[in-house]
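**Student:** Encoded as structure tokens, here's the structure I'll be asking about.
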Amino acid sequence: MGGVSGKLESPETKLEAKMVEVMRRRASKGTAIKSFNSIILKFPKIDESLRKCKAIFEQFDEDSNGAIDHEELKKCLHKLGVCFTEEEIGDLFKACDINEDMGIKFNEFVVLLCLVYLLKDNAAESEAKSRMGVPSLEATFETLVDAFVLLDKNKDGYVSKNEMVQAINESGEHSSGPIATKRFEEMDWDKNGSVSFKEFLFAFTAWVGIEDDED
């Protein structure tokens, strides 16, 4: 998101470039989701599944302070069988620690796990069946990737406002323009006119209510 202009190799930019590359590859395969409405219908199921992350989160929040620090995150990824370099783990941590308090809160953790799932997209086929050892969660992450692919009409790895309007129009929503604009504004945190997969995920956790019960 914001603050990376002019610093082409900042961690955020490198991580985002990887996400965009994987998302373009995924977009070329198409999506099983047919309309924005069908995403909304899945909200309850997605919400229920994402809340199961809570057990993983609490397991690795060793000091029970409501946030996962850098060392706890390294242990978590190791336990999930995810092989990332120190640099990649650091980049992920910075990207998901939205309020920069040096700790990953629960909703940030949900986003981080989904990004890990996406970034392991190029895993060998034998690995790909369960990239992180939590198949039910991975099915939900797959739905979120599919949802983003549905919105990303031109397959460039980002969602624009026009693409959001088009997706909601196709759902047959009345007054789709204002609805699409509101949804888009909720996603486009840095107001640069395009939404990355990370921005989409943070908006999504808010839509399904993950943020509401952090305490």
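The values are calculated or read from the model by the stated rules, or taken from the named source; none is laboratory data. Just so it is clear, the structure is predicted and the values come from calculations on it, not from any experiment. Here the Cβ is made from the backbone with ideal geometry for all residues, glycine too, and neighbour counts use every protein chain on show. Keep in mind that these areas ignore ligands, DNA and RNA; they rest on the heavy atoms of the full protein, side chains included. Shrake-Rupley method; radii C 1.70, N 1.55, O 1.52, S 1.80 Å.
**Student:** About the Cα centre, and with charges only on the beta carbon of Lys, Arg (+1) and Asp, Glu (-1), how big is the dipole of the range 14-63? Nearest 20 debye, please.
**Tutor:** I would put it at about 600 debye.
**Student:** For helix 161-170, report the angle its Cα long axis makes with the longest principal axis of the Cα atoms of the chain; keep it between 0 and 90° and round to the nearest 10°.
**Tutor:** Helix 161-170 sits roughly 70 degrees off the main axis of the chain.
**Student:** Over the chain, with every protein chain in place, what whole percent of the accessible area is carbon and sulfur at 1.4 Å, could you tell me?
**Tutor:** Taking all protein chains in place, the chain shows 53 percent carbon and sulfur surface.
**Student:** Can you flag which of K14/K182; K75/K198; K79/K105; K29/K94; K18/K75 are past 27 Å Cα-Cα?
**Tutor:** Beyond 27 Å: K14/K182; K29/K94.
**Student:** So, one more: What ratio of Cα Rg to 2.2 N^0.38 Å holds for the range 57-208?
**Tutor:** In units of the globular-protein estimate, the range 57-208 measures up at 1.12.
**Student:** Go ahead and estimate [θ] at 222 nm for the chain from helices alone: -39,500 (n - 2.57) per DSSP H run with n ≥ 4, summed, over the residue count, rounded to 500.
**Tutor:** -18500 deg cm²/dmol
**Student:** On a 0 to 90° scale, report how tilted helix 135-151 is relative to the longest principal axis of the chain, with both axes built from alpha carbons and the result rounded to the nearest 10.
**Tutor:** So the helix axis and the longest Cα principal axis differ by about 40 degrees.
**Student:** Right, another one. Just reorder W207, W189 by solvent-accessible area, largest first, 1.4 Å probe, all chains present.
**Tutor:** W189, W207
**Student:** Solvent-accessible area per residue for the chain at a 1.4 Å probe radius, Å²?
**Tutor:** 48
**Student:** Treating the angle as unsigned and between 0 and 90°, give the value, to the nearest 10°, between the Cα long axis of helix 11-29 and the longest Cα principal axis of the chain.
**Tutor:** 50
**Student:** Pull out the extension gain between E100 and Q59, defined as 0.36 nm times the separation in residues minus the alpha carbon to alpha carbon distance; nm, one decimal.
**Tutor:** Length gained between E100 and Q59: 12.5 nm.
**Student:** May I pose another question? Could you run the Karplus curve 6.51 cos²θ - 1.76 cosθ + 1.60 with θ = phi - 60° over the range 55-65 and give me ³J(HN,Hα) per residue in whole Hz, x for Gly and Pro?
**Tutor:** Coupling constants for the range 55-65: 5, 5, 4, 5, 4, 9, 7, 4, 8, 6, 9 Hz.
**Student:** Roughly how many Å² of R183 are accessible to a 1.4 Å probe, to the nearest 10?
**Tutor:** Surface open to solvent at R183 totals about 60 Å².
**Student:** Follow-up. Name the longest site-free stretch of the chain, where the excluded sites are GluC sites (Glu not before Pro) in a DSSP loop with no more than 14 other beta-carbon atoms within 10 Å.
**Tutor:** 101-213
**Student:** Measure off 7 Å from each Cα along the Cα-to-Cβ vector at S28 and E87, then give the distance between these two points in nanometres to one decimal.
**Tutor:** 2.5
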